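Derivation of every value follows stated rules applied to the coordinates shown; laboratory data play no part. Everything quoted here is computed from the prediction, not taken from an experiment. Cβ placement follows ideal geometry from the backbone for every residue including glycine, while neighbour counts extend to all protein chains displayed.
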Amino acid sequence: MKVTLITGASGGIGEVFARRLAEEKHNLVLVARSEDKLSEL
């Protein structure tokens, strides 16, 4: 099982990558400074 770590996942290019990979059913670990924004994903 592969896991992808994305930093800066609450905005910008990190958010775009997180959303796109989630749509493709990848296993993700998301890291962000803003817990509130991250929980919206």
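Points to keep in mind about this one:
- Assuming charge only on the beta carbon of Lys and Arg (+1) and of Asp and Glu (-1), the dipole of the chain about its Cα centre is about 160 debye to the nearest 20.
- Annotation: extensible slack from K37 through A22 equals 3.8 nm (criterion: 0.36 nm per residue apart, minus Cα-Cα distance).
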